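Here's a structure for you.
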Amino acid sequence: MQRVLSRRSHTFKTCDYEFFKSGFVRFIATSCRAVVLPRFGGPEMLQLRSDVEVPQLKPNEVLVRARAVSINPLDTRMRSGYGRSIFEPLLPLILGRDISGEVAAVGSSVRSFSVGEEVFGALHPTAVRGTYTDYAVLSEDELAPKPPSLTHVEASAIPFAALTAWRALKSTARITEGQRILVVGGGGAVGLAAIQLAAAASCHVTTTCGGQSIDRVREAGAEQVVDYTAEDIELAIKGKFDAVLDTIGVPETERIGIKFLKRGGHYMTLQGEAASLTDRYGLVAGLPIATAILLKKQIQYRYSHGIEYWWTYMRADSDGLDEIHRLSEAGKMKIPVEKTFPITQVREAHEAKDKKKIPGKVVLELD
């Protein structure tokens, strides 16, 4: 059972109507546009179809009429085959995690949102039906009210990156006021979100980035900024840190990050090996291998350095999204958008990201 009530015009191919004396129309969209990935490969694999089924809502789910969806690195990696062992049996996929739009319908148990309300949020990384579609389905705890001060484009750039950073800093490291935080690779979306979260918690933030991002990370709240293209990171950074978030995740940044941790500190990398190992060896063998590697590193670093080692991933969290909503509304959480494309040019947008023509955030707009 789902509740839908609107006067707004929507893009869909087929729907059911009910007319009310008030003049409102109740409709249930049964199919809509969506960008579908039938098989892994380059941007040319992406297909914009007009007749993709809109699933019936479960009691805790919300149907969102998408207005803007951002492109995350996970999207381009999944398109190319990352997570193949998990997703290949489920093809075709709809990519996309971030979304900003309006509530078009709510499941029978949803109480936090009403039809017509503007919302933003993000799906979990393993979702098969993503947000590159006119109508996306998210659970109630994957959404928050969109701050009125933000456009849909601006709002869509925030949730997935900010929730990834929130999980690392707030859920795993549990940062507190006055602590020292090192963000390796602060110029990207997750790095920028992490700097802003740490600064909002009154932590002292140091970050590394390229020269083009220095002003941006300073504005986000970093107190010390090291240009890794012009400085020796190990000489430029002074003192020890309570937590290190490594958004780059190569052996050299792991070595440097762990070197700068205090005993009892947390090292967190975005580049965990679980997906790549399951792709290489299959789910049955790959997951145990990944678990064994993580456990070995955790024991090794706990014994040799007295620190906690983690692979960190985005996970939907209503508390995290509530905090991100508050910070966004207060102007303390911003992810700059470099360029927008209409959803009809999704291939061009992915190609631009693949070829690194656009270093910053790219957002797809839906009319």
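For the stretch 212-219, state whether one or more residues are modelled with pLDDT under 95 and either surrounded by 22 or more Cβ atoms within 10 Å (Cβ to Cβ) or closer than 22 Å to ASP322 by Cβ (or both).
yes
Quick one: which residue in VAL52, VAL119 is among the β-branched types (Val, Ile, Thr) and open to solvent by less than 10 Å² (accessible area, probe 1.4 Å)?
Values: VAL52 fails: open to solvent by less than 10 Å² (accessible area, probe 1.4 Å).
Every option except VAL119 fails the conditions.
Could you please find all residues in the stretch 92-108 being over 17 Å from VAL363 (Cβ atoms), free of Cβ contacts under 8 Å to residues at least 60 places away in the same chain and in a strand (DSSP E or B)?
Correct list: LEU93, VAL103.
Taking the stretch 61-86 on its own, how many of its residues are hydrophobic (A, V, I, L, M, F, W, C), touching a helix residue (DSSP H, G or I) at 6+ places or on another chain (Cβ under 9 Å) and open to solvent by less than 10 Å² (accessible area, probe 1.4 Å)?
The qualifying residues number 6.
Among the numbered criteria (1) free of Cβ contacts under 8 Å to residues at least 40 places away in the same chain; (2) surrounded by fewer than 22 Cβ atoms within 10 Å (Cβ to Cβ); (3) on the phi < 0 side of the Ramachandran plot, which single criterion is violated by SER202?
Evaluating SER202 over (1) free of Cβ contacts under 8 Å to residues at least 40 places away in the same chain; (2) surrounded by fewer than 22 Cβ atoms within 10 Å (Cβ to Cβ); (3) on the phi < 0 side of the Ramachandran plot leaves (3) as the failure.
While we're looking at this one, here's another question. Report the residue count in the stretch 144-183 for those that are under 23 Å from ASP215 (Cα atoms), part of a strand (DSSP E or B) and open to solvent by less than 10 Å² (accessible area, probe 1.4 Å).
The total comes to 3.
Quick one: in the stretch 220-234, of everything that is part of a loop (DSSP other than H, G, I, E, B) and under 18 Å from ARG180 (Cα atoms), which residue is most open to solvent (accessible area, probe 1.4 Å)? Walk me through it before giving the result.
Taking the stretch 220-234 first, the residues part of a loop (DSSP other than H, G, I, E, B) are 221-223, 228-232.
In the following step, the residues that additionally are under 18 Å from ARG180 (Cα atoms) were identified as 221-223.
On the way: GLY221: 26, ALA222: 11, GLU223: 111 Å².
That would be GLU223.
The values are calculated or read from the model by the stated rules, or taken from the named source; none is laboratory data. Just so it is clear, the structure is predicted and the values come from calculations on it, not from any experiment. Cβ sites come from the backbone with ideal geometry, for glycine too, and all protein chains shown count toward neighbours. Protein only, heavy atoms only, side chains kept; ligands, DNA and RNA dropped before computing areas. Shrake-Rupley method; radii C 1.70, N 1.55, O 1.52, S 1.80 Å.
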